[in-house]
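Throughout, read-outs are computed from the coordinates displayed, never taken from laboratory work. Just so you know, these numbers come straight off a predicted model, no measurement behind them. Heads up, the Cβs are rebuilt from the backbone with ideal geometry, glycines too, and the neighbour counts pull from every protein chain shown.
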Amino acid sequence: MSNSQTEQLPAHQVEAASKAFEQEFERFARFTSDLNALSSLALDEALAEERALSELRVRHSGKKSALAAAKKLIGRVAPEERPAFGQLIRDFEEKLVSRLDAVELNLKNHIEQVRTARESIDVTLPGRRPPYGHRHPITIIRERIEDIFVALGYVIEDGREIETDFYNFTALNIPDNHPARGEADTFYTTDGFALRSQTSTVQIHAMQRRGVPIRMIAPGRVFRRDTPDPTHNPMFYQVEGLCVDRGITMAHLKGTVTEFLRRMFGPETVTRFRPSYFPFTEPSAEFDFSCFKCKGAGCRICKNSGWIELGGSGMVHPDVLRMVGVDPQVYSGFAFGLGIDRMCALMYELDDIRLLFENDVRFLEQFE
Ligand SMILES: [Zn+2]
């Protein structure tokens with residue numbers, strides 16, 4: 001800049017800088033004068049405006065700004081004009097800073113409000129529902145069985161899964177030399193307790209505790225040393241039923257099992273009893289029912305026989321009654337047991353019973 005220009009140019013430069021600022025500031029001015037313009041800004045828009053404002057401040061008051069350049073000229077202005085020029089610069093700078101500050105304050109307040117609103121909880125909004133789980137297919141079947149027997153006047157008994165020799169074998173009339181007592185068939189704890197190999201153990205506890213007459217079912221887990229395969233698992237679910245009263249006969253057993261299967265598989269279901277042997281019942285019978293799928297015509301489920309084998313049953317052995325202090329001359333009773341997993345596999349047509357215990361949600365989600 002040549003000396004000949006210093007008399008006019010400095011004031012002119014400040015004026016030009018002021019004009020340029022006014023022009024650029026115009027779009028921000030509405031954020032001080034128009035509250036609606038501010039409140040309509042979304043968070044990301046307000047943040048963008050805040051950044052643009054900060055850039056504007058640097059451009060017009062930073063080291064490379066026209067204002068900074070004008071300040072450097074103060075020393076060059078003629079001494080008598082210096083106060084007026086200095087005042088001109090101060091006025092411009094004050095106006096620039098105060099207007100920028102006002103917009104910045106409003107923008108910051110607005111951003112703060114939007115953030116607070118976003119983080120606060122709106123109690124009027126509906127809650128987020130956790131996804132519903134499903135009952136396990138074994139639970140579904142177990143509850144259906146329980147519902148049927150409760151309707152028939154039975155109570156549901158629960159029992160321990162670790163048993164003494166007495167409850168697991170002796171009280172059930174299982175002889176000392178019976179193979180079921182061996183470690184090849186039954187799991188034992190290191191203390192010599194057995195993991196119960198049938199839910200019949202609950203009968204003994206229930207009769208000791210409640211006395212007779214009694215009508216009860218006991219669903220639960222049992223354990224046997226089986227190698228897992230599509231139809232076997234070392235742990236599975238059974239349900240045991242017991243009815244002891246005066247004058248109970250085999251006819252009551254057949255009627256009860258038949259009624260249960262009709263309610264489970266449909267009113268046209270037919271049952272069949274085959275003589276069998278169990279240490280804790282005498283006489284004993286296994287029971288089958290007509291295939292619920294093919295109605296006896298023969299299909300894959302019943303292996304073309306029309307019948308499905310389901311469980312064991314019989315009249316409670318007099319020795320079992322004596323073992324819990326019940327006089328077999330006065331009371332008689334029947335008992336039956338069946339596998340819940342097996343029934344579950346039948347009803348859902350599962351090819352592999354192990355699926356029930358693998359806890360794969362893709363499998364488990366398909367029920368209910
Ligand atoms: Zn069939």
Residue hits (the stretch 304-317; near the ligand (Cβ under 8 Å from one of its atoms) and part of a loop (DSSP other than H, G, I, E, B)) are Asn304, Ser305, Gly306
When every residue in the stretch 266-301 that is within 13 Å of the ligand (Cβ to nearest atom) and not in a loop (DSSP other than H, G, I, E, B) is compared, the one farthest from Gln198 (Cα to Cα) is Ser290
Can you tell me which of Met347, Met323 is within 13 Å of the ligand (Cβ to nearest atom) and not small (Gly, Ala, Ser)? Met347
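Here's the yes/no breakdown for (1) in a helix (DSSP H, G or I); (2) closer than 30 Å to Asn359 by Cβ:
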position	(1), (2)
Glu45	yes, no
Glu49	yes, no
Glu93	yes, no
Leu100	yes, no
His110	yes, no
Asp122	no, no
Arg128	no, yes
Ile145	yes, yes
Checking Val257 against (1) away from the ligand (no atom under 16 Å from the Cβ); (2) surrounded by 14 or more Cβ atoms within 10 Å (Cβ to Cβ); (3) more than 21 Å from Gly153 (Cβ to Cβ); (4) among the β-branched types (Val, Ile, Thr), which single condition isn't satisfied? (3)
May I ask you to verify whether Ser65 is within 21 Å of Glu24 (Cα to Cα) and under 60 Å from the mean Cα position of the chain (by Cα)? no
So Tyr167, is it among the hydroxyl-bearing types (Ser, Thr, Tyr), assigned to a helix (DSSP H, G or I) and surrounded by 20 or more Cβ atoms within 10 Å (Cβ to Cβ): yes
Residue within the stretch 194-215 that is more than 30 Å from Val330 (Cα to Cα) and surrounded by 17 or more Cβ atoms within 10 Å (Cβ to Cβ) present: yes
Tell me whether the stretch 336-344 contains one or more residues that are more than 16 Å from the ligand (Cβ to nearest atom), surrounded by 16 or more Cβ atoms within 10 Å (Cβ to Cβ) and of a type in the set (Gly, Ala, Ser). yes
Need pairs with beta-carbon distance below 8 Å; first residue more than 18 Å from Glu143 (Cα to Cα) and within the stretch 350-368, second assigned to a loop (DSSP other than H, G, I, E, B) and hydroxyl-bearing (Ser, Thr, Tyr); sequence gap 6+ or separate chains. Ile353/Thr231
Tell me the residue from Gly325, Gly314 that is surrounded by 21 or more Cβ atoms within 10 Å (Cβ to Cβ) and over 18 Å from Arg262 (Cα atoms), please. Gly314
Hey, could you check the stretch 117-147 for residues that are out of contact with any strand residue (DSSP E or B) (no Cβ under 9 Å at 6 or more places or on another chain) and touching a residue at least 40 places away in the same chain (Cβ under 8 Å) and say which is nearest to Ile214 (Cα to Cα)? Arg144
Find all pairs meeting these conditions: Cβ atoms under 8 angstrom apart; at least six residues apart or on different chains; first residue within the stretch 282-311 and closer than 18 Å to Gly339 by Cα and touching a residue at least 40 places away in the same chain (Cβ under 8 Å); second residue of a type in the set (Lys, Arg) and more than 7 Å from the ligand (Cβ to nearest atom). Phe287/Arg272; Phe287/Arg274; Leu310/Arg342
